[in-house]
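This report refers to the structure that appears directly beneath it.
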Amino acid sequence: TLQEGVHVAWMNNHELLIVSYQPQKPWGEILAARGQFNPIIGGSFQWTDVVQSANPQTVAFGGVTTVENYSTTAQLTLNGVLPWGTQYGVTASIEREEGTFSQFVAEYGTRRTFSLTQPLLRGFGHGANLANLRVANNAMTVSQTQVMIQVLDTIGQVVDAYWDLVGARAILRVRESALDNAERIVDINEKRLELGMAAEIEVLQAKAGVAPRITDVVNARKAIADAEDNLKILLNMRDGEYLS
């Protein structure tokens, strides 16, 4: 059916398969343009273990021969850019330290910082910062339109090819019917000739009318073969897949 032909073309047509991948590139560009506004989260952890010999003054006055110091620092950062070009940064850290001079009693410290930068000229506003996103969205629209145009064009070609084949088969039936009629006229005239009711010229004229009808049938069958080939190309049919 025509619906089946359109479905097969949708699944197998090479041009449709190729054009269907085109929107993937602008979609990736859209994700990249949006990604520049995604916050970036980072973190770090540092542990330090220092053991060293004490200097003579420390040995003399402190009574220790080695100095030990242990420290741990954990830090979390958050950075990003807003559509207005505003750059923000947040940092939070915690430190833990203990050692010989603190008699190995842990000491803690925290630090929090916040930064905000707003350009006033270059890079200011939505116009500058959303330009890449707008370009990517426009590219996506163009790509989707191209896909739709190719789909409609292919469907139109399939519909035309389908009805060309239907018409060619109908013409063949008409041509075959005309050939049968011409052959019946030959048979009738031959029998009339045998009965003496017709002249030989009438038989010859009837036979002469059969030849162009045979040519018409051959041409009609060729037209069907051509229409089938055209439709098979559009449907990308493989060897052994024949139209019924």
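The values are calculated or read from the model by the stated rules, or taken from the named source; none is laboratory data. Quick caveat, the model's predicted, so the values are computed rather than measured. FYI the Cβ positions are ideal-geometry reconstructions off the backbone, even for glycines, and counts take in every protein chain you see. The area values use the complete protein model at the heavy-atom level, side chains included, leaving out ligands, DNA and RNA. Shrake-Rupley method; radii C 1.70, N 1.55, O 1.52, S 1.80 Å.
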Based on this model, can you work out whether Val218 counts as closer than 27 Å to Ala168 by Cβ and open to solvent by less than 40 Å² (accessible area, probe 1.4 Å)?
no
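Return a yes/no flag: does region 34-41 have any residue that is over 28 Å from Gly123 (Cβ atoms), among the polar types (S, T, N, Q) and out of contact with any helix residue (DSSP H, G or I) (no Cβ under 6 Å at 6 or more places or on another chain). Spell out how you get there, then give the answer.
Residues of region 34-41 that are over 28 Å from Gly123 (Cβ atoms), as a first pass: none.
No, every residue in region 34-41 fails to be over 28 Å from Gly123 (Cβ atoms), among the polar types (S, T, N, Q) and out of contact with any helix residue (DSSP H, G or I) (no Cβ under 6 Å at 6 or more places or on another chain).
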Is region 24-37 home to any residue that is touching a Ser or Thr at 6+ places or on another chain (Cβ under 6 Å) and over 30 Å from Leu235 (Cα atoms)?
no
Which of the residues spanning region 147-172 are more than 16 Å from Glu228 (Cβ to Cβ) and without any contact (Cβ under 8 Å) to a residue 60 or more places away in the chain?
Met148, Ile149, Leu152, Asp153, Gly156
Scanning region 182-203 for residues that are without any contact (Cβ under 8 Å) to a residue 12 or more places away in the chain and within 22 Å of Val218 (Cβ to Cβ) gives Arg184, Asp187
Among all residue pairs at least 6 apart or on different chains, which show Cβ distances below 7 Å where the first residue, located in region 215-244, is of a type in the set (D, E, K, R) and part of a helix (DSSP H, G or I) and the second is open to solvent by 70 Å² or more (accessible area, probe 1.4 Å) and modelled with pLDDT of 90 or more?
Asp216/Arg175
Looking only at region 6-55, which residues are hydroxyl-bearing (Ser, Thr, Tyr) and either assigned to a helix (DSSP H, G or I) or free of Cβ contacts under 8 Å to residues at least 40 places away in the same chain (or both)?
Tyr21, Ser44, Thr48, Ser53
Among the residues of region 78-99, what is the count of those that are open to solvent by less than 30 Å² (accessible area, probe 1.4 Å) and either among the polar types (S, T, N, Q) or touching a helix residue (DSSP H, G or I) at 6+ places or on another chain (Cβ under 9 Å) (or both)?
3
Does Leu130 fit the bill of being of a type outside the set (Lys, Arg), closer than 19 Å to Asn236 by Cβ and open to solvent by less than 40 Å² (accessible area, probe 1.4 Å)?
no
Answer yes or no: is there a residue in region 155-167 that is open to solvent by less than 40 Å² (accessible area, probe 1.4 Å) and over 30 Å from Met11 (Cα atoms).
no
Any residue at all in region 33-41 that's surrounded by fewer than 13 Cβ atoms within 10 Å (Cβ to Cβ), more than 30 Å from Leu130 (Cβ to Cβ) and of a type in the set (A, V, I, L, M, F, W, C)?
no
Any residue in region 206-223 that is modelled with pLDDT of 85 or more, within 49 Å of the chain's Cα centre (by Cα) and of a type in the set (Ser, Thr, Tyr)?
no
Of the residues in region 177-214, how many are outside any loop (DSSP other than H, G, I, E, B), of a type outside the set (Val, Ile, Thr) and open to solvent by 60 Å² or more (accessible area, probe 1.4 Å)?
17
In this structure, does Ala54 turn out to be in contact with a Lys or Arg (Cβ under 7 Å, 6 or more places away or on another chain), open to solvent by less than 70 Å² (accessible area, probe 1.4 Å) and farther than 30 Å from Gly28 by Cβ?
no
Just wondering, is there one or more residues in region 142-154 that are surrounded by 12 or more Cβ atoms within 10 Å (Cβ to Cβ) and in contact with an Asp or Glu (Cβ under 7 Å, 6 or more places away or on another chain)?
yes
